[in-house]
Each structure stands twice: as structure tokens, then as C-alpha cells.
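Enquirer: If you scroll down you'll find the structure; I have some questions about it.
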Amino acid sequence: MAQSTGRVAGKKAFITGGAQGLGAAAGRMLAKEGAKVALADINLAGAQAVADEINAAHGAGTAFAFELDVTQEDQWIDVLEKANEAMGGLSVLVNNAGIGGDGPIESLDFGLWKKVMSVNVDSVFLGAKHALTHMRAHQPGSIINLSSIAGLIANGNSPAYNASKAAVWLLSKNIALYCALRQAGPSGAAGPHRRAERHRQCGALSGQRREQVHDRRRDQGRRRHLGDVIGFEVPPPRCGGGPGPLA
Ligand SMILES: NC(=O)c1ccc[n+]([C@@H]2O[C@H](COP(=O)([O-])OP(=O)(O)OC[C@H]3O[C@@H](n4cnc5c(N)ncnc54)[C@H](O)[C@@H]3O)[C@@H](O)[C@H]2O)c1
């Protein structure tokens, strides 16, 4: 059983790219703080290994592993349904899966361009589109999309990665605004200020936390630290927050 105490006790988080790196670190952190986690990845064996490790540490039924290619809409629909059932709900979506590996624009293969754009951007669109249906029933919720400093500053050598991560910023703002405009009930009573704040933060790290991330990039364990920051982005239940309630 997942623990009933912790900063995010009771949250149910779906994390893409959870087999390694930041996704795995976020899964470990959220589980340590009381959430149930679903780790979804094209690498099912890797996701299962992380889930097993989390269950050994925090109890059976804390973590679940699912095979998912984030570029495939039919898989998103199916796996979100299964994760929702396994965890008893869905209140957090972490769109973390992402790839780079592109090169200079003149030699970049069009197929690789499309693949990077699809894994990094289609995934955020598909995840938010289909997760919100489940998240409506478990509010307040949070959607955390992994962009990058490469979405703000071009490096001249990764056009697809630069373009895709820039797209994640504005897509996140769009999703945040969509959800904010549909707020109703007690949480929505905070009105424009709260909505503006959510819009400002919108799916990427707030300014202060971005600075923390940049400081920590120099650390050897930077992926673990970044995973912790993802966990920190999920507000505890008593704070409300997140993109809901949705009408
Ligand atoms: N590592 C960093 O310092 C850093 C900095 C800024 C942003 N990011 C972003 O954070 C995210 C995670 O980075 P990371 O370094 O942990 O990456 P990683 O390469 O270590 O892990 C990515 C995971 O995504 C999975 N994945 C790849 N394609 C997939 C697909 N089509 N469907 C499902 N899963 C797929 C991989 O199997 C892998 O488990 C990425 O979006 C990356 O762009 C990372």
C-alpha cells in the first residue's frame, strides 16, 4: 500500500519516460512523498525495474509500469485508462519523455526532425488531451511538462530540439489558460490573480525554481535534483492549485 503521509499523499501521478533519468527520479520522489505513480515508457523493462524498486521501498501498489510510445494516440488512451484504474484515479501528469540527437540544419534528416518534434511535442498535446478527462474526477490536479533551457536559448546545432522545447513552453501556457478559464467552485473563487499566477508558471518551472535547476545543473547528481524539483512542482493537497477544477 502507498503511504498515507507525505507532502503529496493521495496524489496519483502518471509519468512518461519513467524508465530512467528525470522521469525515474520524479517517480521516486513523488512516491517517497506519498503519491502513487504510474511509470510509462517505450522501455517497459526499465519502467518495471523502477516500479519494483519503488514498491520495495514504499509498499506494493505504490508504483505501476506501463508500455507507452508517447507519439501514439491510441496507446495514450489505453494506458491512461489502465493507469487510472490501477491507481484509483489520476491527478498528476508529468510529460517528461523527450529526445534530442538532432544535428545541423543543413544535414538534418527530415525523418529525425519529425521524430524529435513528435516525441517532444505531440506527447504533450496527446497527454494533456486525454489525461484531462480522468483528472476532472480527481481535482485539484497538476500537469508538468518538461521543456528545457534549449526552448529559450538556441544553440545553433539542434534545430529540432530547440524548436520542440520552445513549443512546449507555449503549449503549456495554452493548456494552463484552457484549464484556468474553466475553473469553477471554491478554487476558482481566487479569481484572476490565481489564474494569472498559474498562467505565469504554466507547466514549466517558475523563475525561482528555474534558477535552482540551473544552479544544480553543475552538480553530479543533477538528474536526481531535477527529479526532486518535479516532485516539488506538485502542490500538496491542502494548497489546492493545479489546473483544475475543470467544469
Ligand atoms: N537531463 C537534463 O539535464 C535535461 C535538461 C533539460 C530538459 N530535459 C528534458 O527532460 C526530459 C527527460 O530528460 P532525461 O535526461 O531524463 O532523458 P533520458 O534520455 O534519460 O530519458 C528519457 C526517457 O524517455 C523514454 N522515451 C523516449 N522516447 C519515448 C517514446 N516515444 N515514448 C515513451 N518514452 C520514450 C526513454 O526510453 C527514456 O526512458 C526530456 O524531455 C528532456 O528533454 C532534460
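Please treat every number below as a calculation from the coordinates, not as lab data. Keep in mind that what you see is a predicted model, and the values were worked out from it rather than measured. Note that each Cβ is placed from the backbone with ideal geometry, even for glycine, and that neighbours are counted across all protein chains shown.
Enquirer: Cα-based Rg (one decimal) and Dmax (whole number) for region 1-117, in Å?
Expert: Here Rg and the maximum Cα pair distance are 15.4, 54 Å.
Enquirer: Which one of Val37, Gly18, Leu126 is farthest out on the positive end of the charge dipole of region 5-140, using unit charges on Cβ (Lys, Arg +1; Asp, Glu -1) and the Cα centre as origin?
Expert: Val37
Enquirer: Calculate log10 I(q)/I(0) of region 141-183 for q = 0.23 Å⁻¹, where I(q) comes from the Debye formula with a single equal point scatterer on each Cα and nothing for solvent.
Expert: Scattering profile of region 141-183, log10 relative to I(0): -0.72.
Enquirer: Moving on. Report Rg/Rh for region 83-183, rounded to two decimals, where Rg is the Cα radius of gyration and Rh the Kirkwood radius. Intermediate values should be presented prior to the final figure.
Expert: Values: Rg = 15.4 Å, Rh = 14.6 Å.
Ratio of gyration radius to Kirkwood radius: 1.06.
Enquirer: Still on this model: How many lysine pairs are close in region 2-125, with Cα atoms under 16 Å apart and the two 8 or more places apart or on different chains?
Expert: Details: Lys11/Lys32; Lys11/Lys36; Lys12/Lys32; Lys12/Lys36; Lys12/Lys82; Lys36/Lys82.
Here the count comes out as 6.
Enquirer: Pop the C-beta distance of Lys82 and Ala154 into the FRET formula with R0 = 41 Å and round what comes out to the nearest 0.05. List each step's numbers first, then the result.
Expert: On the way: r = 39 Å, r/R0 = 0.95.
My answer for the efficiency is 0.55.
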